[in-house]
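Bear in mind that the values in this text are calculations on the coordinates, not laboratory data. Quantities reported herein were computed from a predicted structural model and do not represent experimental measurements. Cβ placement follows ideal geometry from the backbone for every residue including glycine, while neighbour counts extend to all protein chains displayed.
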Amino acid sequence: MAVAAGRAGKVEVAGLQVAAYTVPTDGPESDATLQWDSTTAVIVRAHGGGEAGLGYTYGPEAVARVAESQLADVVAGADAWSPQAGWAAMQRALR
């Protein structure tokens, strides 16, 4: 993958901030298989080298705990401009 325009060199990930937020829905929702009355979003902020990035997914709070306990150390020191390498390292860590 090419380096982003105006960017040069490696930007190391210094750490992650992870949080899970559960927000109630206006009313019960369903998809014909399950019903729920709230949605949990897991937010991850990666930072390092004066830069920061944000990612999110939907899932239980346990997803946030996995990011903190099993993935944060894996991406620490990784090159933020090489997300494929970080993704591959996280995949290996969870296998």
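Please report the net charge: other residues with Cβ closer than 14 Å to the Cβ of Ala19, K and R +1, D and E -1.
Numbers: positive: Arg45, Arg65; negative: Glu61, Glu68.
Charge balance in the 14 Å sphere: 0.
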With θ set to phi - 60° and the Karplus curve 6.51 cos²θ - 1.76 cosθ + 1.60, what are the ³J(HN,Hα) couplings of region 83-95 in order, to the nearest whole Hz, using x for Gly and Pro? x, 5, 5, x, 4, 5, 5, 5, 4, 4, 5, 9, 7
Positive-end residue, region 15-94 charge dipole about Cα centroid, Cβ charges, pick of Ala20, Ala89, Gln35: Ala89
In a shell of Cβ-Cβ distance under 9 Å around Ala80, excluding Ala80 itself, what net charge do Lys and Arg (+1) and Asp and Glu (-1) give? -2
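Please give the contour-minus-distance gain from His47 to Gln35: 0.36 nm per residue of separation, less the Cα-Cα distance, rounded to one decimal in nm.
Details: separation 12, 0.36 × 12 = 4.32 nm, distance 3.61 nm.
Between His47 and Gln35, full extension yields 0.7 nm more.
Given only helices, namely DSSP H runs of n ≥ 4 each adding -39500 (n - 2.57), what is the per-residue ellipticity at 222 nm of the chain, to the nearest 500 deg cm²/dmol?
Computed mean residue ellipticity for the chain: -6000 deg cm²/dmol.
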Whole-Hz Karplus ³J(HN,Hα) for region 65-79, in order, using 6.51 cos²θ - 1.76 cosθ + 1.60 and θ = phi - 60°, x for Gly and Pro? 5, 5, 4, 6, 8, 10, 10, 4, 5, 5, 8, 4, x, 6, 7
Can you compute log10 of I(q)/I(0) for region 39-90 with the Debye formula, treating each Cα as one identical point scatterer, at q = 0.19, 0.24 Å⁻¹? -0.67, -1.02
Over the chain, what per residue volume does the convex hull of the Cα atoms give, in whole Å³? 141 Å³
Dipole magnitude (debye, nearest 20) for the chain, charges at Cβ of Lys, Arg, Asp, Glu: 480 debye
Over the chain, what is the relative contact order in percent, taking alpha-carbon pairs closer than 8 angstrom and at least six residues apart? 31 percent
